[in-house]
Structures are given as structure tokens and as C-alpha cells.
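Inspection log for the structure reproduced underneath, given as C-alpha cells.
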Amino acid sequence: MAQRIECPTLSTLEKLKGREFVSKQYIEELTNSKYLQQVERDIVSEALKSEGKTVNVRKFSLKVRSELLPLTVVSSKNGEPFYGYIALPENIRGPVADYSEHVYESPIKTSAGSIHFGTTVLSGNDEPPQKYFGHTRIEDMAVVAKQRDVDIYGLPIYDFPSQAEYTGGTRRIIELQSDLYQKGRLEFEDHILESSNAYKEFTAGKITSEEYKYIVNNTTRQKELDKLHQYNNPTAHYRMLREEIRYAAKDGKTKLQFPTGQTIMGIEGLGSTELWDKILHRGRDGEPDETVPLESDELTKDAIGMGISNSHGSEWIITDVLGDGKFSAIPKEFYHKHGIQKGSPTFDSHKETFDISGKLDISNPIYKFYEHDIGRYLKNKYGAEIIKDAQGITWHEIKVKPEMATQPVLAFDGDVQYDRTRKNIQQKTKDMEKEKAKEKNKRLEDFNKVLSRLTVKAPMPEKEKTGIRRSLEDFSKSLREIQNSREDHAINLGEDHEQNIEL
């Protein structure tokens with residue numbers, strides 16, 4: 001399987017590039033930027049504690065980066081993807097050239113990999129990913145595909161170009177998912193740590209609370225979990241999003257698309273009436289041989305425990321009826337899996353919610369996440385636009401530029417463009433003050449001319465009086481504009497440098 005290892009960086013470290021030594025104060029001022037997440041400030045500040053007044057940039061960067069979380073990407077490309085059947089219906093999916101899955105792993109062992117990949121052979125064996133961080137599902141679209149006919153089900157049949165020309169410049173990330181940062185699973189890893197011998201000794205009164213805290217805070221496992229706690233939901237998803245942009249650029253893609261709220265509901269089968277059948281009878285081999293479509297009005301309490309299948313042949317068991325066409329279900333293999341008890345955290349973690357009402361539920365958390373959180377993030381950071389494809393499906397689309405392939409992947413959100421030292425700000429302030437002074441002097445000259453005209457004792461025509469009155473009004477307006485401009489400038493300086501510097 002293809003593996004890609006990327007070491008992340010910080011926007012603070014990017015601003016130090018090209019320098020050999022800097023003052024400690026300079027780095028402290030960089031961390032005051034409001035464009036940094038608090039976790040980045042904390043990591044840099046902690047690393048600064050042991051530094052003197054002058055900092056060796058290379059050594060400092062290595063020290064800081066050792067505290068960051070590198071991610072390894074294990075790809076199913078040319079392997080065996082697990083969830084290719086969870087996609088838009090074929091009649092509106094469009095010509096997909098290739099489907100694959102990226103499982104992101106950190107150096108830290110977790111138990112969350114079994115949620116979605118409990119039986120997958122993605123990593124080359126029958127074990128789930130041992131160091132799961134999150135995963136994405138990807139569709140690469142074909143260059144050209146012409147519909148030449150329809151099959152017996154009315155679905156389009158496409159003529160595709162040759163294999164060498166098959167994959168085009170558009171990639172879709174049809175899912176961003178992290179089982180580790182949802183439903184309290186990271187806290188579950190903390191609970192495992194608390195179940196250690198030290199915790200048992202503390203609860204038994206054999207060691208004091210101070211001794212227990214010291215043991216926990218100095219264990220390797222605690223330090224590992226601290227690195228995982230650098231992220232949450234949705235910052236873990238944004239980290240994978242940034243990684244995917246770089247990979248798309250490396251793979252020569254020119255467009256990267258993410259689902260809108262409405263589109264993700266179609267991908268996940270939420271609000272669709274065509275995905276599920278109830279199983280009426282099984283053959284001797286145990287496989288369903290008689291099914292009928294599952295209707296919304298059949299979702300009563302009697303439906304709990306019912307076996308159902310989707311259009312891809314995957315079997316599920318209904319566990320909860322939620323009303324208005326919504327229900328929860330668990331894959332059949334997990335429902336009958338040895339050791340999993342109904343109502344247990346492990347059982348519940350494998351449940352998923354579906355909706356066959358045919359209605360678009362804009363209150364659904366999945367809809368909100370892609371429509372608002374992902375959409376807003378892509379627009380603000382990458383200038384994304386909402387587009388409609390040939391099948392009438394909407395996507396958040398960003399332009400992928402070649403230089404994105406070599407740009408660093410930021411561990412956390414930041415803006416490396418805000419690289420202004422105290423000296424730069426002071427110089428800019430002086431330049432702007434000079435321009436304002438020139439403008440003010442010119443206005444004063446004009447005003448003096450008006451005053452000299454007012455000293456004329458001869459009767460003044462009404463037209464000339466009106467002109468002078470307007471000149472005075474214009475001058476007063478100009479003075480107000482100068483004052484407002486200076487105030488705005490002071491505010492802008494505060495935004496750029498994150499503090500009011502005494503010049």
C-alpha cells in the first residue's frame with residue numbers, strides 16, 4: 001500500500017525561515033498574533049522557556065517540531081477500499097475514474113481504528129489500523145465520458161477514454177471523518193490510562209493525589225495523549241483537509257471538491273428512499289433471496305431487530321427507530337460479533353443513523369458540518385466557490401495550484417503572511433504619518449487662503465459667500481477624515497501585530 005509521511009510545521013516557524021539567530025523577544029511577539037490557535041502559542045511558549053535572549057533558529061525549530069503530530073497516510077489505492085458503496089446514486093454520481101481511501105495514522109496507538117476498519121485489509125492484514133487519527137474517502141473524476149446508452153435499470157452507460165487518459169484534473173473528497181475525535185472516543189483513551197495500576201493505587205488510598213498526578217503526568221502514554229489532545233472536532237478534520245490539498249497538488253489535480261450540506265446527505269443516504277430493502281427471506285446459504293423496499297411508515301418499534309440491506313448488498317440490523325423516517329442501524333457483522341453487548345459503548349460506536357423520509361433535514365449535524373463548518377473554512381482559507389456539476393450536484397470547489405505541492409502543511413491554522421517585525425511597523429507608521437502631515441499642511445494652506453478672503457471689508461456677493469461656506473465645510477470634513485484615518489491606522493496596526501506597540 002502507498003504510504004506518505006509528512007512532518008507538519010507551524011506558521012511561527014515559517015516566519016523564522018532564512019534566519020540563523022533571532023531574539024527571544026522576537027519569537028514572543030510572533031506568538032501574539034490573533035491568527036494563531038492557542039495550542040500553537042502554548043507549544044512555542046513552552047519551548048521558549050529554556051531559551052536565552054538569543055535563539056538558534058534551527059535547534060529551536062527541531063525542538064518545537066518534536067512536539068507536533070506527524071501523520072502517515074495509508075492509501076487503499078491499488079489495494080482494497082472498504083466503503084466505495086457509500087456514494088451518490090449512480091445516476092447522479094458522474095463518471096468516477098478511481099475511488100480510494102486515505103487512513104491517517106499518527107505515531108500513537110489508539111483503539112478508534114476498529115470503528116470503521118475493524119475487518120478491513122487496508123493495511124495489508126486483517127487487523128484494523130493501530131494508530132488511527134482519521135480518514136478520508138476520495139473520488140477522482142474521469143477526463144471525458146460520453147453517455148451512449150442506459151442499462152436495464154435506466155442507469156447511464158458511459159464510454160470512457162483510454163486508461164492513460166482516464167483520470168482527470170478534478171478530485172472529490174466525499175468524506176472527512178475522524179472516529180477518534182467524535183463521540184468521546186479520545187476521552188475513552190484517557191479513561192484507559194486512568195484504569196492503570198497507579199489509578200487503582202490512588203483510589204485504594206495507597207498513594208496520594210500529588211503522587212498520582214506526578215505518575216500520570218510523567219508517563220509516556222500521558223505525553224502521547226497530550227499530543228492527540230492538540231486537536232479536537234473539527235480541527236482534526238481541518239488538518240486532514242490541508243493534507244489532502246497538498247496531495248491533490250502532488251497528484252497534478254487542478255480542482256478539489258468537497259460536498260455541500262445537501263450533497264453529503266445524498267452521499268450518506270440521508271433523506272433517500274431508494275437505498276434500503278427489508279429482508280423477507282433467506283436462502284439455504286443464508287443470503288437474502290427475497291427483499292422489498294423499506295418504507296418510512298414501516299419504521300415502528302416492531303422494526304427494531306429487522307434485517308435490511310442497501311443497494312450494494314451490505315446488511316444491517318435496525319437498532320433504534322427515531323421517527324419521521326429516521327432510524328439507527330448497525331452492520332450485521334458487528335451486531336452478531338462475539339463480545340459486543342447491546343447498549344455498550346463499543347456497540348453504540350458502530351451504529352449509524354439513516355433517513356428515508358425523502359426530506360432534506362438541515363438540522364442534521366452532518367448537514368451543518370459540511371454546509372457551514374467545512375464551507376466557511378474553505379471559503380475563508382482558500383477562496384472556495386459553490387459550483388454545480390453536469391449532474392446538477394453542488395460542491396465546495398477550490399482551485400489547486402502547482403505550488404501547493406511544496407508548501408508546508410501547517411499543524412494548526414495560522415497565517416504566515418503576517419510577518420511584520422517591530423522595525424517594519426515603526427517604519428510604516430512613520431511613512432503614513434508623513435503622508436498625513438503633508439495632506440494636513442495642504443489643507444491648512446487652503447484654509448488660510450479662505451481666511452484671507454474673509455478679511456475683505458467690501459460687500460461680498462451671496463454667490464461668493466456660499467462658496468466660502470462650502471470651502472469651510474469641506475475643510476472640516478477633511479480634518480475629520482484625517483482623524484478617522486489615523487484611528488483606523490492604529491486599529492490596523494493592532495490587528496497586524498496583535499498588540500499596541502509603543503513607538
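The values are calculated or read from the model by the stated rules, or taken from the named source; none is laboratory data. In this text the structure is predicted, and so the values were computed from the model without any measurement. Ideal geometry is used to build each Cβ from the backbone, glycine not excepted, and the neighbour counts take in all protein chains shown. The protein model used for the area step is the full one, side chains on, heavy atoms only, and it has no ligands, DNA or RNA in it. Shrake-Rupley method; radii C 1.70, N 1.55, O 1.52, S 1.80 Å.
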### Summary
Projecting the Cα atoms of Ile308, Gly283, Ile245 onto the charge dipole of segment 236-309, where Lys and Arg contribute +1 and Asp and Glu -1 at Cβ, the residue farthest towards the positive end is Ile245
### Task
Just order 61-73, 175-187 by mean Cβ neighbour count inside 10 Å, highest at the front, would you?
175-187, 61-73
## Note on the structure
Given pairs Lys227/Lys401; Lys109/Lys213; Lys109/Lys253 and cut-off 27 Å on Cα-Cα distance, the over-length ones are Lys227/Lys401; Lys109/Lys253
### Query
Fully extended, how many nm does the chain gain between Leu155 and Glu28 (0.36 nm per residue separation, minus their Cα-Cα distance)?
39.6 nm
### Query
Between Val57, Gln25, Pro70, whose Cα lies farthest towards the positive end of the dipole of segment 13-73 when Lys and Arg beta carbons carry +1 and Asp and Glu beta carbons carry -1, centred on the Cα centre?
Val57
### Task
Could you rank the peptides 250-258, 302-310 by their average count of other C-beta atoms within 10 Å per residue, with the highest value first?
250-258, 302-310
### Summary
With all protein chains in place and a 1.4 Å probe, Asp289 shows an accessible area in Å² (nearest 10) of 90
### Task
Mind giving me the FRET efficiency for Asn232 and Glu435? R0 is 45 Å, r the Cβ-Cβ distance, nearest 0.05 is fine.
0.50
### Task
Before anything else, pin down the relative contact order of segment 292-336: Cα pairs under 8 Å, at least 6 apart, normalised by residue count, whole percent.
31
### Task
With no solvent and one equal point scatterer per Cα, compute the Debye intensity ratio I(q)/I(0) for segment 5-65 at 0.18, 0.21, 0.24 Å⁻¹ and report its log10, rounded to two decimals.
-0.57, -0.79, -1.04
### Query
If each of Glu46 and Leu280 carries a label point 7 Å out from its Cα toward its Cβ, how far apart are those two points in nm?
6.2
### Task
State, to one decimal in nm, how far the label point of Lys109 lies from the label point of Lys477, with both points 7 Å from Cα in the Cβ direction.
7.4
### Task
Quote to one decimal, in nm, the extra length available between Asn56 and Phe347 on full extension: 0.36 nm per residue of separation minus the C-alpha distance between them.
99.6 nm
### Greater than 21 Å apart at Cα, pairs in Lys24/Lys63; Lys301/Lys332; Lys17/Lys223; Lys15/Lys379
Lys17/Lys223; Lys15/Lys379
### Share of alpha-carbon pairs per 5 Å distance bin for segment 233-342, given as whole %
2, 9, 15, 17, 14, 12, 11, 9, 8, 3, 0
